[in-house]
1. Taking the conditions exactly as written (out of contact with any Cys (no Cβ under 7 Å at 6 or more places or on another chain) and hydrophobic (A, V, I, L, M, F, W, C)), does Val79 satisfy them or not?
2. Would you check which residues across region 38-55 are of a type in the set (Lys, Arg) and surrounded by 10 or more Cβ atoms within 10 Å (Cβ to Cβ) and list them?
3. Is it the case that Val35 is free of Cβ contacts under 8 Å to residues at least 24 places away in the same chain, surrounded by 10 or more Cβ atoms within 10 Å (Cβ to Cβ) and either closer than 14 Å to Arg4 by Cα or not assigned by TED's automatic domain parsing to the domain that holds Arg19 (or both)?
4. Select, from Val85, Val71, Val26, Val11, the only residue that is modelled with pLDDT of 95 or more, out of contact with any helix residue (DSSP H, G or I) (no Cβ under 9 Å at 6 or more places or on another chain) and surrounded by 10 or more Cβ atoms within 10 Å (Cβ to Cβ).
5. For region 54-76, name all the residues that are of a type in the set (Asp, Glu) and on the phi > 0 side of the Ramachandran plot.
6. Name the residue, out of Lys90, Lys46, that is out of contact with any strand residue (DSSP E or B) (no Cβ under 9 Å at 6 or more places or on another chain) and of a type in the set (Lys, Arg).
Amino acid sequence: MHIRRDDVVEVIAGDDRGRRSRVLSVDPRKGRAVVEGVNRVYKHLKRSRKNPQGGRLEIEAPVRISNLQLVCSKCDRPVRTGTKVADDGKKRRVCRKCGADLGEL
């Protein structure tokens, strides 16, 4: 999985194309991620004691990971990622454009 929680990503397809935001959660089994402020949907609430008026709640729905691209912190643009093994033996994500380290894999 090339995208992790708290990464900054850019949406490359869909209604929110071009929007940059932070990843809130990732579901690797389904290949989806919830991104802050992207793919907003309404959840209709029935009247209850907790919510006496009912109404609509706007929440973020998951987005396919194939529609997201990681934003490099050094070149500040959406990039593809590669992997390199660091000196300590851990795999690291690297930017394919500038070679910047993007964190642990």
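The values are calculated or read from the model by the stated rules, or taken from the named source; none is laboratory data. Since we're looking at a predicted model, the values are computed, not measured. Using ideal geometry, Cβ is built from the backbone for each residue, glycine included, and neighbour counts are taken over all protein chains shown.
1. Numbers: out of contact with any Cys (no Cβ under 7 Å at 6 or more places or on another chain): no; hydrophobic (A, V, I, L, M, F, W, C): yes.
So Val79 fails the test.
2. So the first thing to find is which residues in region 38-55 are of a type in the set (Lys, Arg), and the list is 40, 43, 46-47, 49-50.
Across region 38-55, the qualifying residues are Arg40, Lys43, Arg47.
3. Working: free of Cβ contacts under 8 Å to residues at least 24 places away in the same chain: no; surrounded by 10 or more Cβ atoms within 10 Å (Cβ to Cβ): yes; either closer than 14 Å to Arg4 by Cα or not assigned by TED's automatic domain parsing to the domain that holds Arg19 (or both): yes.
No; evaluated as a whole, the condition is false for this residue.
4. Details: Val85 fails: modelled with pLDDT of 95 or more; Val26 fails: out of contact with any helix residue (DSSP H, G or I) (no Cβ under 9 Å at 6 or more places or on another chain); Val11 fails: out of contact with any helix residue (DSSP H, G or I) (no Cβ under 9 Å at 6 or more places or on another chain).
Matching residue, one of Val85, Val71, Val26, Val11: Val71.
5. Just the residues of region 54-76 that are of a type in the set (Asp, Glu), to begin with: 58, 60, 76.
Residue satisfying the conditions is Asp76 alone.
6. On the way: Lys90 fails: out of contact with any strand residue (DSSP E or B) (no Cβ under 9 Å at 6 or more places or on another chain).
The match here is Lys46.
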